[in-house]
Structures are given as structure tokens and as C-alpha cells.
Amino acid sequence: MKSRETTILLKRREVEEKSRKVEDLERIIREFDQMASDLERQIQLEEDRTGVRDRGHFSYSTFAKAAALRRDNLRQSTEGLREKLASAVRERDDTMEQFSRASQQIDGQHDPRGRRERPFGLSALR
């Protein structure tokens, strides 16, 4: 009996950890998207200020070149993070399902009438 309860506690912690990882990745992606948008605005302002929009032109702003490179790097990083996010969401959902199944098994054993209720804390994690 104790080992099953321990298993449920461990699964709950694992679900919480994976949920935090998903939240962190989502936050980082939002921040990177915001930074890329800010850089895009700065590039536009610099091009408007100098009047040169051709990146191949010899008098194109060095600041605009550097900002464009940084923006492109942020976008590339964001794409990689989106792939990691998709994987993390799948892992979290799988772990939540395992937690739910384990909780239902324990609930079925504790309730003599065989009723199965929603496991404690599962609704808060979704």
C-alpha cells in the first residue's frame, strides 16, 4: 500500500516538474518573440533615419546589420525552443495520464463501493 502511495506522490511531483518546464519554455518563447519584435522596430527606425534600406549598400547602418543578425538568431532559437516545447508538452501529458491512472487504481482500492473520483490535485495541474 505504501509503495503505491509513494508512486503517486512521485508521479505528482513529476507532473508538477514537467508543467513548470512547459511554463518556462512558453515564457522564454514569448520573451524571445518580444525581443525580436523590438529589434525589428529598431531596424525600421534606423533605416528610416538613414534613408538606406538596401542591406547590401555600402552605407547601410552597421547598427541595423547587427540588430538584424541578432533578430535572426533569436528567431532561429525560438524555432528550436518551439520543438522542445512540443516535446515537453507530450511528456507532461503522458505523465499526467500515468498519474491519473495510478490515482484511480488507489481510489478504487480505498473506496469499498468501487466509485472512482477524480484524483486530488489533477484539475489544478491542467
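Assorted remarks:
- Rg ratio (alpha-carbon, reference 2.2 N^0.38 Å) - the stretch 1-113: 1.83
- 23 Å Cα-Cα reach of Lys84 towards lysines, excluding residues that sit fewer than 8 places from it in its own chain: Lys11, Lys18, Lys21
- Residue order for Leu9, Leu74, fewest other beta carbons within 10 angstrom first, comes to Leu9, Leu74.
- For Lys2, the aspartates and glutamates whose Cα comes closer than 15 Å to its Cα, not counting residues fewer than 8 places off in the same chain, are Asp107.
Read-outs: derived from the displayed coordinates by stated rules, not from any lab. Predicted model, so just to flag it, every value in this text is computed and none were measured. Positions of Cβ are backbone-derived with ideal geometry, glycine not excepted, and every protein chain shown enters the neighbour counts.
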